[in-house]
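Reading through the C-alpha cells given below for one structure.
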Amino acid sequence: MLAGPLGLIAISDTSDTWAHGISQFRQEIGRPMLVSSTVVEDGPVTRVTRQRARWQDSEIVLDIAQFAGADFVELRFVIDWRQHEQMLKLEIPTALANPKIFARVPGQVLERRTNGEEEPYQDWAAVEGVVSGNDYTMALVNNSTYSYDCLNGLFRTVLIRSAPFARHNPAKVPTNDINAWQDQGRQERRFWLMAGRGPWHELALDRRAEELQTPAEYVMDSAHHGSEPWENSFLEIMPRNVWVLAIKRAEHAPEATILRIQERSGISTQATLKSGPLDLDQAVALTPWEIKTLLVKPAKNNRASIEEASLLES
C-alpha cells in the first residue's frame, strides 16, 4: 500500500505566526540525511528499529515499533530542532489509486480535496483508494500535531513548524532578534500508522485514537484474594461506532443515571445498550454523528426504562 519508503522533508516557511495568506507549504529545501539504522529491541512481542538523521543543526531520531498481533506500526519521534523559519514534515507516499482524503474534525469527519493545500485535522487522517480493484484505507493516528496536506496519494503531516511567536504580516523578524521561536529544542511526536481493507470507518479510527492518546490506567497492587470475578462488565455498547461520552447521576433525579452516547462513523445506527447493574437492555436509533442524552430510570419489572433528554438533562 506504500509507493515508497516513509520520508522526512524540510520546507522553507517565512510566513507569519498564523501563516496568513498561505494555502500550501511546498517550498522544499532538502531532506534530512540518514545517519544510522539499528534494531534496538527484538523480542517475541516487540521489535524496535531506531533511525537517526541530521538536518543542518538539528537531529531527528525515529523509533519504528512493531508489536506481535497488533494491526499498527508505532512511529516515535524525538527531535532536537534548531532551525528557524523552516518546517519539518513526515511524508507517507501511498500506492492507492483514485485517492480520497478524510480528516477527523470536531464533531464529525470531512472529506477534503487531494490538491496539496494545508488543512487542519485532529485525531487522525485517512487516505482511501483502490489497490488491485479493491478498496483500501491507510490512516495516520496522531496525538500531537494537527496540520496536513495530501497531493493525490502523497500524504504529509507537520512534525515541526519553527515560525516566530506573535509576528503578524507585514512585520518582519528584526535583525539580532532575541524573541522566542516555536518548536525549538527537544520535541516528541507519536503516531500509529494503520491500514486495512475497506473504507475508513471499517478501521474504527476514533477508538484507536482514544487508545493512543488516553491509554488505559492501571494500579499496581499486592497479591490477595478478591471478591470479584476475573472479568466483569458494567456497561456494554454495540456496535463499535457508538461511543459513551458521559455516564453520571442525573442532577434532577438522583435515583436515575444519565448516559450520553454518540454515533462516530457517519452511519445511521441501531445501538444496543446493556448493563447488569442498571438492569438495562435497550436499543436506541442514532442518525450520523448524533449525540443523545438518555435518562436511565431504575428498573421496574426487572428492566430499566430510558427517556431522551437534552444536554441540560431537561
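The values are calculated or read from the model by the stated rules, or taken from the named source; none is laboratory data. Remember, it's a predicted structure, so these values are computed and weren't measured experimentally. Virtual Cβ from ideal backbone geometry, glycine too; neighbours counted across all protein chains shown. Surface accessibility is based on the protein's heavy atoms, side chains included, excluding ligands, DNA and RNA. Shrake-Rupley method; radii C 1.70, N 1.55, O 1.52, S 1.80 Å.
Which FRET efficiency value, to the nearest 0.05, is calculated for R47 and H168 with the Förster distance at 51 angstrom and r the Cβ-Cβ distance? So the FRET efficiency works out to roughly 0.60.
Surface composition of the chain: carbon plus sulfur atoms hold 51% of the accessible area, using a 1.4 angstrom probe and ignoring ligands, DNA and RNA. When the square roots of the Cα gyration tensor eigenvalues are ordered a ≥ b ≥ c, the ratio a/c for the chain is 1.5 or more and a/b exceeds b/c, which makes its shape prolate.
Couplings 3J(HN,Hα) for region 300-314, derived from phi with the Karplus relation 6.51 cos²θ - 1.76 cosθ + 1.60 (θ = phi - 60°), are 10, 6, 6, 8, 6, 10, 10, 9, 6, 9, 7, 4, 8, 6, 8 Hz, where x marks Gly and Pro.
Quick check: net charge around R207, other residues with Cβ under 9 Å of its Cβ, Lys/Arg +1 and Asp/Glu -1? Counting the neighbours of R207, the net charge comes to 0.
As a length-normalised measure over Cα pairs under 8 Å and 6 or more apart, the relative contact order of the chain settles at 14 percent. Among the chymotrypsin sites (Phe, Trp or Tyr not before Pro) found in region 211-314, those both in a DSSP coil and sparsely packed, with 13 or fewer other Cβ atoms within 10 Å of their Cβ, are Y218, W230, F234.
For the pair E202 and V244, a Förster radius of 25 Å applied to the C-beta separation gives a FRET efficiency near 0.75, rounded to the nearest 0.05.
Annotation: per residue accessible area for the chain equals 55 Å², rounded to a whole number [probe 1.4 Å, protein chains only]. A simple rule links phi to the HN-Hα coupling: the Karplus curve 6.51 cos²θ - 1.76 cosθ + 1.60 with θ = phi - 60°, which for region 223-228 gives 6, 6, 6, x, 9, 9 Hz, with x for Gly and Pro. In plain terms, the chain from D177 to I29 could stretch by 51.0 nm, reckoned as 0.36 nm per residue minus the Cα-Cα distance. Here the 3J(HN,Hα) profile of region 90-96, calculated from phi with Karplus coefficients 6.51, -1.76 and 1.60 at θ = phi - 60°, is 8, 10, 10, x, 7, 9, 8 Hz, Gly and Pro shown as x. Helix-only arithmetic for the chain: the sum of -39500 (n - 2.57) across DSSP H runs with n ≥ 4, divided by the residue total, places the mean residue ellipticity at 222 nm at -1000 deg cm²/dmol. Gain on full extension, evaluated as 0.36 nm per residue between S268 and A299 minus their Cα-Cα distance, stands at 8.3 nm.
For region 182-237, what percent of Cα pairs sit more than 12 Å apart? Value for region 182-237 (Cα pairs over 12 Å): 82 percent. Computed on protein heavy atoms with a 1.4 Å probe, the accessible areas place F67, F191, F165, F72 in the order F165, F67, F72, F191, largest first. Lysine pair count for the chain with Cα-Cα distance under 25 Å and sequence separation of 8 or more or different chains is 10.
The listed peptides 199-208, 148-157, ordered by packing as a protection proxy, come out as 148-157, 199-208 (highest mean of other Cβ atoms within 10 Å first).
Which one of P277, I291, L312 is farthest out on the positive end of the charge dipole of region 252-314, using unit charges on Cβ (Lys, Arg +1; Asp, Glu -1) and the Cα centre as origin? So the residue furthest toward the plus end is P277.
Other residues with beta-carbon under 15 Å from the beta-carbon of E118 carry, at +1 per Lys or Arg and -1 per Asp or Glu, a net charge of -1. Per-residue SASA remark: M238, around 100 Å² accessible (1.4 Å probe; ligands, DNA and RNA not included).
For region 161-202, state which trypsin sites (Lys or Arg not before Pro) are in a DSSP loop and have at most 10 other beta carbons lying within 10 Å of their beta carbon.
none
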